[in-house]
Every structure is written in C-alpha cells, then in structure tokens.
Amino acid sequence: DARAVAFLEGKGLRRSWRWPSLWQTEHAYGFTLAGVYRLDVLAETKRLVTEAIAQGQTLETFRAGFTEKLQGLGFAGPQLVDDFAEGPRKVELTAPWRVKVIYDTNMRQAYAASEWQAIEDTAADFPALQYHHTPQQHPRLNHLAWDKLVLPVTHPFWKTNFPPNGWYCKCFTIQVSVDELASGAVKLSHSEDLGS
C-alpha cells in the first residue's frame, strides 16, 4: 500500500522514554521506540517497518531481519539505556513480544493513515462512518460505548478517535453510503451518544 509506506516515510525520528512520552497525535508524526535513545536504531527500525509494509512481510520475516539488523548495531538482547533525563531504562527490542508490538503497532498506524486518505477521497459517496468495537477480554469502556456509533466523516470525533485510537486498539470503522443514510437503513448518531 503506497499510502501506508508514504505515511511511515514521512515520520520523523523521536526519542521517547516510554510510549506515553509522545502524546496522541504526536505518534502520527514521530517514529519512536519506547526506551530507545539511539537515532541509528530508530532509523533502521523505521526503515525495516517501512520495508515490511512495502513488501507485505509477515511478522516472522520481519522478526528475522529486525533481529539480524539490531545485532549488527549492537542493540540486540537486553540493554540498559541511561541517556534519558527521566532516568535509566531496561530495553529489549528483540524480545518476541516487543518485536510483535513494534510490527503490529506500526502496521496498524500506517494502514489506518492510508484508510483515512481513502475515506476522505470517497466522502462524497460515503459521507459517514460507523464505529465498531472488536470484542476483547478487557475492553476499553469508552470504545465499547462507541460501538455502532455513526457520525459524518467531517465530525471532530474522528480526529482523535479514528481507530486505532489507543494502545493496541483493534476497533475499526465501516463507511456509510449516501443511499444508506437517505433510506434510513443507517441513522446518524446524536452528540449525546458520544458520552464523556
């Protein structure tokens, strides 16, 4: 997906001690790895993730290349990073769970950015979106409350809540057509449906 690749290529490198050190929309513009101070590690990871999207790599293929590259940079296995003002931080980017988070999070963000561009391109025919919560063992209650919410593409809600809209969010949207709205098959939600 060329748009997903362009989204990642357009991100600058940002150092962050923890994931919340960059807040909400900052993640849309900055490529980061929590606890990583070295720009060469950030740059190489960004390159590898972008390549994974461009080539449609599986997690297993990405993991093999990622681990090999980090070994070459001397950053595979447990690391103690003590460059941050917040204090030292133990980091292990090549742990299987961490590689999966890096792969999944960046894939979701890139494809969501690509999807949003497609939604904007087709908004004349599909002027609204319906939010869908994916069942999880420990759901975010606000995401669950938004399940089946229907709002215009232009509604400010989507600027902060278009999925993925939080750590490991698996929610998604479905476009709603002019015909569906005109026929009453799908109805727009009211602002009070947004909750707090």
**OP:** With the convex hull built on the Cα atoms of the chain, state its orientation-averaged projected area in nm².
**Re:** 12.4 nm²
Original post:
What angle do you read, to the nearest 10 degrees and between 0 and 90, between the alpha-carbon axis of helix 39-55 and the longest principal axis of the chain?
Top reply: 50 degrees
Original post:
Under the rule of -39500 (n - 2.57) per DSSP H run of 4 or more residues, summed and divided by the residues of the chain, what mean residue ellipticity at 222 nm is obtained, to the nearest 500 deg cm²/dmol?
Top reply: -13000 deg cm²/dmol
Original post:
Taking +1 at the Cβ of each Lys and Arg and -1 at the Cβ of each Asp and Glu, which of Val176, Leu144, Pro156 sits farthest along the dipole of the stretch 140-187 towards its positive end, judged by Cα position relative to the Cα centre?
Top reply: Leu144
Subject >> Inter-label distance for Lys100 and Ala182, nm, one decimal - labels placed 7 Å from Cα along Cα-to-Cβ >> reply: 4.7 nm
Subject >> Approximate spin-label separation Ala123-Asp82, in nm, with each point projected 7 Å along Cα-to-Cβ >> reply: 5.1 nm
Original post:
Can you flag which of Lys100/Lys187; Lys11/Lys170; Lys11/Lys90; Lys46/Lys90 are past 29 Å Cα-Cα?
Top reply: Lys100/Lys187
**OP:** Apply the Karplus parameterisation 6.51 cos²θ - 1.76 cosθ + 1.60, with θ equal to phi minus 60°, to every residue of the stretch 174-187 and state each ³J(HN,Hα) to the nearest whole Hz, in sequence, with x for glycine and proline.
**Re:** 10, 6, 10, 7, 4, 5, 5, 5, 5, 7, x, 4, 10, 10
Subject >> Geometric extent, Cα atoms of the stretch 109-196 - Rg, Dmax (angstrom) >> reply: 12.8, 37
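Each reported figure results from applying straightforward, stated rules to the coordinates on display, with no laboratory input. Bear in mind that the values here come from a model prediction, so they are computed numbers and not experimental data. Here Cβ is always computed from backbone atoms with ideal geometry, including for glycine, and neighbour counts include all displayed protein chains.
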